[in-house]
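Single-structure report; data block below.
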Amino acid sequence: MKRIILFAFVALGLAACTPKEFTFIQMSDPQVGFLDTTPGYAQSDSLMKLAVDAVHRLKPAAVVITGDLVNNTADSLQKAIYKSNIAAIGEGPRLFELPGNHDIRPWTEENHKAFLEFNGYDRFSETIEGCAFIGFDSCCIKDGIAEKEAEQLEWLKKQLEAARGARYTFLFTHCPIFRESIDEEEDYFNFSVPKRKEYLELFKSYGVDAVFAGHTHKDYRSSYDGIQLITAGPVGSPLHGGYSGLNVVRVTADGFTANYSSAPEAK
């Protein structure tokens, strides 16, 4: 009997130590109104509803929206459509939102303040099931706003330091550091070469596992010295032969996988 009881306690202890499996969803670029000539932005509204339906079906622990919430921040209808669809997600998953270049365009104090009034924050740092979720604003980096970037970088280093020992460290931003290669040509859709090397070396030193981005309206996958670089296609209108969808990220005891698929097919 004692041996049976001992085995029972060992089994309970192993179960308690087993990391919990969970799912989170990355949405990017709902960009309500972009390439949408339908009355009342019906197309954008429909694509967002499909994404929200996927959230209800998959019941993730978190939803992270990596920027370009609307196409034109001066358009009250676009903002209303975005807000109503996000509200429909409900209180189940944790919700995190980041600015894209269409949300703060260009990066000025006035535009930044307007985004904060719309969204409340431009970065976040939370822990979910032992995993660090850290989101930062790529707009000030891309636009070369030195003072704002320096302030954010100091904050980012503190969050990364606090995340040491996390099960996984996941970073989120709008503009990808690069799409396919560290040496690819600088353009509208990536960081400058000096900036991408600066940030990736920083992330490497803190053991970051993945950086999730959007902005390109097409999904890309790459890596840098063990860091996965995962760029999601759009919830809204696609570009470059991409398609509308979302990333479903499954975190298990053995690792994590990110699968980009159209919202109706997300599993």
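Details
- If both residues of a DSSP beta bridge must be in segment 110-247, then about 50% of such bridges are antiparallel.
- Gyration tensor (alpha-carbon) shape descriptor, segment 87-181, a/c threshold 1.5: oblate
- Cα shape, segment 142-267, gyration tensor, a/c 1.5 rule: oblate
- For the chain, a simple Cβ point-charge model (Lys and Arg +1, Asp and Glu -1, everything else neutral) yields a dipole of about 1320 debye relative to the Cα centre.
- Carbon and sulfur %, accessible surface of segment 224-267 computed with the full protein complex present, 1.4 Å: 49 percent
- Neighbours of His102, meaning other residues whose beta-carbon lies under 9 angstrom from its beta-carbon, give a summed charge of -2 when Lys and Arg score +1 and Asp and Glu score -1.
- Computed from Cα positions, the angle between helix 109-119 and the longest principal axis of the chain comes to roughly 50 degrees.
- Each of the peptides 197-204, 143-150, 65-72, 91-98 was scored by the mean count of other Cβ atoms within 10 Å over its residues; in descending order, highest first, they stand as 65-72, 91-98, 197-204, 143-150.
- Using a cutoff of 8 angstrom between alpha carbon atoms and counting only pairs six or more residues apart, the relative contact order for the chain works out to 22 percent.
- Only beta bridges with both residues in the chain are counted; by DSSP, about 50 percent of them are antiparallel.
The values are calculated or read from the model by the stated rules, or taken from the named source; none is laboratory data. None of the values given here were measured: they were computed from a predicted structure. All Cβ positions, even for glycine, are placed from backbone atoms using ideal geometry, and neighbour counts span all protein chains on display. With ligands, DNA and RNA removed, areas are computed over all heavy atoms of the protein, side chains included. Shrake-Rupley method; radii C 1.70, N 1.55, O 1.52, S 1.80 Å.
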